[in-house]
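The values are calculated or read from the model by the stated rules, or taken from the named source; none is laboratory data. None of the values given here were measured: they were computed from a predicted structure. Every residue, glycine as well, gets a Cβ built from its backbone with ideal geometry; the counts of neighbours run over all protein chains shown.
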Amino acid sequence: MKYKIFAGTCLVLIGIFVATSFYYKNQQAQMYDNMAQDNISTFVRAHSQTLGSDDAKVILVEFMDPACETCAAFSPLVKQMMAANPGKIKLVLRYAPFHDGADYFVKILEAAKKQGKYWETLDVMFKSQSEWASHNNPQPQKIWQFLPKAGLDLAQIKRDMNDPAIVQLIEQDIADAKMLNVRKTPGFFVNGKPLETFGSKQLYQLIQSEINAKQK
């Protein structure tokens, strides 16, 4: 009898836990949906770098860190997803420079934007990341030996990266990341919906579900 009572109690507790978790996830999803509709600027700012058609029905927002290994690994995967769905996805990059000193590389990226070399510079950064972003022995100055591959005027970069406006936009992105509960990079949102279970397959499924929804 005691065993049956114990087992029954456990089942009730499990049921309550499952129901509570389901309710919480629904509430969280509703919160992000409301935020996406009522306060789009939390996801996309005027300074945000974008890639893809402005007419795209699926907006993929990525909070990223140039010194993040996983961000570097996901970059080609995201581009593959976009290539497989031409005109349907717009990528919006936001900054979450959580690694020590990562804002240094964000400043370089923003300076490169003024030369029209943003994506080329980010590609060079990701490909050379292991040379300058080691977590055990980071050497940020090494990035300069790779930047010429992006076709940059390095002297101009060194001047432009000190623009106080860049510090302000980094602070804004960090504030938005905090508001959206982004704690790790990359942090993905698809049409305002967070990628709750991280992984390339899960990201593809979330994107595809939004594409299918918009086609109905």
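Things to note:
- Verdict on residue 139 being surrounded by fewer than 17 Cβ atoms within 10 Å (Cβ to Cβ), modelled with pLDDT of 95 or more and farther than 20 Å from residue 188 by Cβ: no
- If the condition is being surrounded by 18 or more Cβ atoms within 10 Å (Cβ to Cβ) and part of a loop (DSSP other than H, G, I, E, B), then segment 159-216 contributes 161, 180, 182, 185, 186, 191, 192, 195.
- Out of 25, 79, 90, sole residue that is over 30 Å from residue 162 (Cβ atoms), at pLDDT 95 or above, assigned to a helix (DSSP H, G or I) and charged (D, E, K, R): 79
- One residue stands out in segment 93-115 among those that are surrounded by fewer than 18 Cβ atoms within 10 Å (Cβ to Cβ) and of a type in the set (D, E, K, R): the one that is modelled with the lowest pLDDT, namely 100.
- Scope segment 142-152; condition surrounded by 16 or more Cβ atoms within 10 Å (Cβ to Cβ) and not aromatic (Phe, Trp, Tyr); matching residues: 143, 147, 150, 152
- Within segment 107-124, residues that are in the same structural domain as residue 155 (by TED's automatic domain parsing) reach partners that are among the small types (Gly, Ala, Ser) and not in a loop (DSSP other than H, G, I, E, B) with beta carbons closer than 7 Å, at six or more positions or on different chains, in the pairs 112/150; 117/150; 118/112; 120/150; 121/112; 121/150; 124/150.
- Residues that are among the hydrophobic types (A, V, I, L, M, F, W, C) and assigned to a helix (DSSP H, G or I) were ranked within segment 147-158; the one that is farthest from residue 121 (Cα to Cα) is 155.
- Pairs with Cβ under 6 Å, 6+ apart, first in segment 155-184 and in contact (Cβ under 8 Å) with a residue 40 or more places away in the chain, second part of a helix (DSSP H, G or I) and among the aliphatic types (A, V, I, L, M): 157/111; 160/111; 161/108; 161/111; 170/106
- Qualifying positions in segment 116-136 - in a loop (DSSP other than H, G, I, E, B), surrounded by 14 or more Cβ atoms within 10 Å (Cβ to Cβ) and modelled with pLDDT of 95 or more: 117
- Checked against (1) under 17 Å from residue 173 (Cα atoms); (2) without any contact (Cβ under 8 Å) to a residue 60 or more places away in the chain; (3) outside any loop (DSSP other than H, G, I, E, B), residue 61 passes all but a single condition, namely (2).
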